[in-house]
1. What number, in percent, do you get for the relative contact order of the stretch 32-123 if the mean sequence gap of Cα pairs under 8 Å and at least 6 apart is divided by its residue count?
2. Distances longer than 21 Å among the Cα atoms of the stretch 67-194: what percent of all pairs is that?
3. Among 85, 42, 118, flag the residue with its Cα farthest along the positive direction of the charge dipole of the chain, charges on Cβ as +1 for Lys/Arg and -1 for Asp/Glu.
4. Which value, in debye to the nearest 20, gives the size of the charge dipole of the stretch 219-344 about its Cα centre, when Lys and Arg are +1 and Asp and Glu are -1 at the Cβ?
5. Taking amide H positions as placed 1.01 Å from N in the peptide plane, with prolines and chain starts having none, which residues 5 or more places from residue 122, or on another chain, fall under 5 Å of its amide H?
6. Using every alpha carbon pair in the stretch 269-316, what percent of pairs falls into each 5 Å bin from 0 up to the bin containing the largest distance?
7. Using only alpha-carbon positions, what ratio does the radius of gyration of the stretch 144-192 give when scaled by 2.2 N^0.38 Å?
8. So if I take the alpha carbon set of the stretch 220-287, get Rg, then get Rh from the Kirkwood formula, what is the Rg over Rh ratio?
Amino acid sequence: MSGQGADAVRTGPLRRLMRGRDPEEEHRAATPLELLFDLTFVVAVAQASVQLHHALAEGHPGAGVATYAAVFFAIWWAWMNFTWFASAYDTDDVPYRLLTLLQMAGVLVLAAGVPAVFRDGDFTVVVIGYVIMRLALVTQWLRSAAEHPQGRGAALRYAAGITVVQAGWIARLWAPDAWAWGTFVVLAAAELAVPAWAESGRRTNWHPGHIAERYGLFTIIVLGEVILGSLAAVQTAVTDHGLSTPVLLLAVGGLLLVFALWWICFTGGDARLPTLRTALTWGYGHYLVFAALAAIGSGMEAALDAVEHHGHVSTRGAGLAIAVPVVIVLGVLGLLHRITATGAMGHVLMVLPGVLVVSALGFGAPALGIGGAVLGMGLAVSATLAANLFAVRHHGADVR
């Protein structure tokens, strides 16, 4: 088992006292348990992406995007709750591992419920998955409250807040259909408020470098889903009709997009999170980054549907299905890089041209062809990255 830092106190061969980790601990890295935890989210993200693609192919982009946003919020929030707790209180002992494995089981239950949400608006299985995860997480917070007196106030506030909001999600299952979206927005806002309330006193001992690494790993998972979904779609198109020019352009443009967006996500050092407000903005802002990145994969599959004349996807609709999430990623990362003084996307004048070009290419897909439009997006994002890297190298802080 890995150590817990200088303040780790062993109480037996299988259990440690749950003390707060040192937020300045050197060489803090993701554990094998955290990596396994992330793998369960591969399934959940894949389910959400596949269902969004189906909604686009069936000609229901509005309902599909709204449902996708709700489902991805559930996926991201479950991941985020565990990640920040583990950064502060990972003991890696037997009780901690068992409760984490229970949370993984809950994630898989959540993933199994995603199709029902898209098909019928039925959150029952998703909520059951959340109940499993929340039972484990609240137990972890109560354990930290009992064994770490300095963090007891925050731990008890987390436990109480999570429990109350989860009760609200359960009650929502019996709410009238007309209240479905209103109650979702209210409860999602309550979820976001819990950390701000819990951390309002003494901040928990999360490790900024460890958090940055964990978010980076989740970014790689999401980009991996984009590559996998796009490859499967390209492979199907080539098998059915051979390699055409539009398919080739789509494949090259999609690969350029993935490579350039990965590079943008991983420019600069670790994010600087000196205040709770900065940490929450950075942490919450990545919901849009993760959801948009995953949606690019659905857009790529919709674009191949348009090329192959499958489903009800228009060329412009397919172009926008890729352009809109790319624009979201560029815009949000520009903001997050600026407020954390890291990365290469810290000035609006360095990001805005890329946003405008990608948007124009999305709308102009019927004239250019979907393959040409996506290739153009890949080149535009690559040029945006190059311009920002050049500006940071030659002007440093001045570009911010």
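1. 46 percent
2. Looking at the stretch 67-194, the distances longer than 21 Å represent 39 percent of pairs.
3. 85
4. Numbers: 4 positive and 6 negative charges, 121 e Å.
The calculation lands at about 580 debye.
5. 117
6. So the P(r) values, bin by bin, are 5, 19, 16, 13, 11, 9, 8, 8, 8, 3, 0.
7. On the way: Rg = 14.3 Å, N = 49, 2.2 N^0.38 = 9.7 Å.
Its radius of gyration relative to the 2.2 N^0.38 Å reference: 1.48.
8. Computed over Cα atoms, the ratio is 1.20.
Computed from the coordinates by the stated procedures, all read-outs in this text should not be read as laboratory data. Worth saying up front: this structure is predicted, and the values here are computed from it rather than measured. Cβ: placed from backbone, ideal geometry, glycine included. Neighbour counts: every protein chain shown.
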